[in-house]
Every structure is written in structure tokens, then in C-alpha cells.
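The values are calculated or read from the model by the stated rules, or taken from the named source; none is laboratory data. Only a predicted model underlies this, so the values are computations on that prediction, with no experimental measurement involved. Counting neighbours? That spans all protein chains shown, and the Cβs are built from the backbone with ideal geometry, glycine included. Heads up: the accessible areas ignore ligands, DNA and RNA and are worked out on the full protein's heavy atoms, side chains in. Shrake-Rupley method; radii C 1.70, N 1.55, O 1.52, S 1.80 Å.
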Amino acid sequence: MTSAPSSARATAPASIGNVGVGFDVLGLAFDAVRDSVTAHRESEPGIRLGSVSGLVDSLPAEVERNCALAAAQAVLDAAGAPFGCRIDIHKGVPLSAGMGGSAASAVAAAGAVNALLETPFATLDLLLPAMAGERVSADPPPWDNVMASLLGGLVIAARLDPPLIRRLPLPTGIACILFHPERKIETRRARELLSDTIAKDIAVEHARNIAGFVAGCASNDRELIAAGLRDVLIEPQRLPLLPELAAVQAAAIEAGALGCSFSGSGPSVFAWVPDEAAEACGAAMGGAFAAAGCGAKQYHAALICDGLRLEPMA
């Protein structure tokens, strides 16, 4: 019987919460960037922060204020592990960008610590520990980024209690472009803008769109995808957070995108684009941001990708 390692490294991708039409229901892994977490077994119980590198060089050292540490502690608690861990974090996913930065850290930390257990949990069983990490960023924690970063691809939360999440089929020949503008939007603030009530006609249109989008993905029908990839529910309420969005959307659609919307709560904006239109869509979206006087960094990734992944130790 092989003993558990003393150190393990895991990575988890960025993610696009909601995927435009699927508020708190759909999530898409976005493998343009990933967070990496290395867990080192220590005899002293508890979780401690080690090195921090990448896009940031410091993060909170308190478990209750750090998504990765909280997720790591949740794995140890769930396993009743008799040891503690030191956690090194390399941030590849920007924070407060609508790219699932907190979820990527939580998922990667849960996966790294899990690999140190004598009997590791199955990947899907890491959902709730990773959610405990995401709770540091937003309470109650949204599922969309966590489940997508954990499983990869396009994921649906069909039920929350007990959890029922599944990867969905994805169409071929389509890529995802994302622009991260020079803005910051906190998830809590973005949720405060949302109304508790909704008109019946909006509810019906939203249901029509999400059904059409999922059906289009499953049947590789671009017309259905384009018809459904429109957010009539949440996006109109969040437009004040990024006034440039309307112009960027119009530019993307004109250049051939199937749909374009906020990534999560923003400020990042994503578009699904046919492979043959990717270059033109990227140029058009970037041009729209530039014309509005807003700098933005472009990312590009395939739709189909891994979620949580263990990496070899050097």
C-alpha cells in the first residue's frame, strides 16, 4: 500500500459564473489561467499560510479570511485528519474580476490537501469543502464558479440540497473570449443591485433562453445557442456597473459572436465565438473598450477543459 505524500500540488481554472443566461445555475470553466496551490503536511494541527506568488504577493493569513485556507481546513475537518498543513498559493486568476478567482483558490487548495489524505475523497465530494472556502468571499456562496472550477467544462446545479451537479455537453468549433477591463466589482455589491421580484414576462423569457441555450449546447445547434445566450434577468440590473458593456456586446455580435455578457458579476465580459470569427470578435471587443477609454486585457480559451488537476511536484 502506497503511503500518502508529504506534499501535493493542485491547480484549478478560472471560471465564468452564470454563463450569461444561467444566473446561479450554470458555470463554465475557463482554462486561460489557473490558480496553483501546494499543500505541505505538518505535524501541528491546523492550516497555515506559506508563500504567496503570482498576481499578488500577499493574502490574509487568517483561515476565516482566506478562501484557500478555509477550503483546506474544511477538507481536514471532513476527513478527521490528525495533521495540519502549510499552504503555498500561486495566483494566476485575477481577484474581483468576475473570473472566479476565489473559487479557483478554494478548489485548488481542497484538491491539494485531499491528495495528502490516506484515503482521499472523490473529486465531487470536494464540492462542499470548496464551497466553505468560497463562503469567505461571498456568503451565501454562489455555486457556479466553484462547481465549474472543480469539474471543468460547462456545469449545471440541478439541485442544491442535496447537491446535484452535472457536466453538460458542449458544442464544437466554438471558443470563449474574455476581456478583463480596468475595473473592480465586488460580488456583494453586484448582488445588492438585484431586485427580489421579477415581472412574469421576464421570467418566461428567461426560462425560454436558458432552455434554448442548454438544448443548443447538447445538440450542437449554434442557432439555439445564439437565441438563448441572452441575459434578460440579471444583466439589465447590473449595467450601471460597466457602462461600456452595451457597446462591447454590439461589437462582438456584429463581428460574429453567438452571445456576449458579464462573466459572473463582472467587470469581465465574455463572448462565445465560432473559431473562424475569434480573431475578428477579439479585435472588435477590444476596440469597443478602447473607444470607451477603458483598458482591458484579453483572454482566450477552448470551451472543453479540465477542472481540478493534480500536478507533479518538482
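Odds and ends about this structure:
- Extreme residue, farthest from ARG183 (Cα to Cα), among residues of the range 268-290 that are among the hydrophobic types (A, V, I, L, M, F, W, C) and open to solvent by 10 Å² or more (accessible area, probe 1.4 Å): ALA277
- Scanning the range 65-76 for residues that are open to solvent by 30 Å² or more (accessible area, probe 1.4 Å) and farther than 30 Å from GLU182 by Cβ gives a single hit, GLN73.
- Helices (runs of 4 or more DSSP H) enclosed by the range 215-259 - at least 2 residues per element that are open to solvent by 60 Å² or more (accessible area, probe 1.4 Å): 222-228, 245-254
- If you go through the range 1-24 and pick out every residue that is without any contact (Cβ under 8 Å) to a residue 24 or more places away in the chain and either surrounded by 19 or more Cβ atoms within 10 Å (Cβ to Cβ) or assigned to a strand (DSSP E or B) (or both), you end up with 0.
- One residue alone among GLY50, GLY27 is under 21 Å from LEU95 (Cβ atoms), open to solvent by 20 Å² or more (accessible area, probe 1.4 Å) and not in a loop (DSSP other than H, G, I, E, B), and that residue is GLY50.
- Restricting the search to strands (runs of 3 or more DSSP E) fully inside the range 77-175 and requiring at least 1 residues that are charged (D, E, K, R) and open to solvent by less than 30 Å² (accessible area, probe 1.4 Å) gives 84-91.
- Qualifying residue in the range 87-107 (condition: touching a His at 6+ places or on another chain (Cβ under 9 Å) and more than 22 Å from ALA138 (Cβ to Cβ)): yes
- Residue selected from the range 293-314 under the condition part of a loop (DSSP other than H, G, I, E, B) and in contact with a helix residue (DSSP H, G or I) (Cβ under 6 Å, 6 or more places away or on another chain), by the criterion nearest to ALA122 (Cα to Cα): LEU308
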